[in-house]
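Q: Quick one: this structure, given as structure tokens, is what I'll be asking you about.
Rule-based calculations on the coordinates, nothing more; no lab input. Since the structure is predicted, the reported quantities are computational estimates derived from the model, not experimental observations. Every residue, glycine as well, gets a Cβ built from its backbone with ideal geometry; the counts of neighbours run over all protein chains shown.
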Amino acid sequence: MTELHHSAHELLSRLDGFRVDIDAARERADIILERPGFNIITMPQRDQLRAVFEALDEDPRVRVIVLRAVGEHFSSGGDIRGFLEASPEHVSRLAWNIAAPARCSKPVIAANRGYCFGVGFEISLACDFRIASETALYALPEQKLGQIPGSGGSARLQKMVGVGRTKDIVMRSRRIPGRQAYDWGVVVDCVADAELEAATDALAEELRAFSPLAQRTAKKLLNDTEDAPLSIAIELEGHCYSRLRSSEDFREGVEAFHAKRTPRFTGR
């Protein structure tokens, strides 16, 4: 287990159902769901996942974060009994915790195979990129329990695929195969099961080759303008562009382009 530093030391002292590996040479951190069977995500685990994303966001060794799982299933969802035992106050924080990948300023990749249900699907939707294996099945099955998704799943999905398809998934508890998720634009790639790790590695390496400052700026701009009118989105894009023009990374990118060499970005 790689040592992490965060204000919530007690939360991170003993991780529940997952581990964190940091490869400083590749500037990458992997959050690995590891609860044998179906990688069920418990209530305490949600708090810890939030804290881990916040800690990695502050870690200078890390440029890219990968969320993946051990075994044939990413996650079959949450601990059902935990919902009945949790206080209303705790339950009200579910969406905030699971939105941690979206709030993180660094690019986050979710690698999905097998079951990706409930909160497993919701936390994947909060990531920037999703890569599915052909074994992946996505679902929000809460209707079968007399409930609805409570961690942002239906809201995020509706932005991606529209209200009609979201109703089809949520109100019928439909399972969507990885290939269909790719066709609908939910995932950026769907690969053979044996190729999932290689495809994830390739995307992580591609992302870390860019300027960290430009990556952070692009992610925040796109998140902040998702619901903005076009005129406001264009105005904010212009301000961000102007700010990056004075960065060392932009100067390095221009000089490297003209010198026909690989740029050496520093994030400044």
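Q: Each residue of the range 171-180 in order: what ³J(HN,Hα) in whole Hz does its phi give by Karplus 6.51 cos²θ - 1.76 cosθ + 1.60, θ = phi - 60°, with x for Gly and Pro?
A: 6, 10, 6, 6, 9, 10, x, x, 5, 5
Q: So which GluC sites (Glu not before Pro) in the range 152-227 are both in a DSSP loop and have at most 11 other Cβ atoms within 10 Å of their Cβ?
A: Glu226
Q: Additional query: Could you work out how far helix 196-208 tilts from the main Cα principal axis of the chain, as a 0 to 90 degree angle to the nearest 10?
A: 40 degrees
Q: If the only charges are +1 at each Lys and Arg Cβ and -1 at each Asp and Glu Cβ, what is the size of the charge dipole of the chain around the Cα centre, to the nearest 20 debye?
A: Taking the Cα centre of the chain as origin, the dipole is about 440 debye.
Q: If you average the sequence gap of Cα pairs under 8 Å that are 6 or more apart and divide by the length of the chain, what percent do you get for the contact order?
A: Relative contact order for the chain comes out at 14 percent.
Q: Now a separate question. Hey, if you drop one equal point scatterer on each alpha-carbon of the chain and run the Debye formula without solvent, what base-10 log of I(q)/I(0) do you get at q = 0.09 Å⁻¹?
A: Summing over Cα pairs of the chain leads to -0.43.
Q: Taking amide hydrogens as modeled 1.01 Å from N in the peptide plane, which residues meet the under 5 Å criterion relative to Phe18, leaving out close sequence neighbours?
A: The list, which skips near neighbours in sequence, is Glu34.
Q: Give the peptides 158-165, 124-131, 169-176 in descending order of average Cβ contacts within 10 Å, highest first.
A: Packing order, densest peptide first, comes out as 124-131, 169-176, 158-165.
Q: Sequence neighbours fewer than 8 away in the same chain don't count; with that in mind, list the lysines whose C-alpha is under 17 Å from Lys219.
A: Within the straight-line limit of under 17 Å, Lys219 reaches these lysines: Lys106, Lys159.
Q: Can you work out ³J(HN,Hα) from phi for every residue in the range 58-66, in order, using Karplus 6.51 cos²θ - 1.76 cosθ + 1.60 and θ = phi - 60°, giving whole Hz and x for Gly and Pro?
A: These are the phi-based 3J(HN,Hα) values: 8, 7, x, 6, 10, 10, 9, 10, 10 Hz.
Q: DSSP beta bridges in the chain, what fraction antiparallel, as a percent rounded to 5? It would help to have the intermediate numbers written out before the result.
A: Numbers: 8 of 29 bridges.
Given both bridge residues lie in the chain, the antiparallel proportion sits at roughly 30 percent.
Q: How large is ³J(HN,Hα) for each residue in the range 215-226, as worked out from phi by the Karplus curve 6.51 cos²θ - 1.76 cosθ + 1.60 (θ = phi - 60°), to whole Hz, x for Gly and Pro?
A: 5, 4, 5, 4, 5, 5, 4, 5, 5, 6, 9, 4
Q: Among Leu33, Thr166, Ser231, which residue has its Cα furthest toward the positive end of the charge dipole of the chain, with +1 on Lys/Arg Cβ and -1 on Asp/Glu Cβ?
A: Ser231
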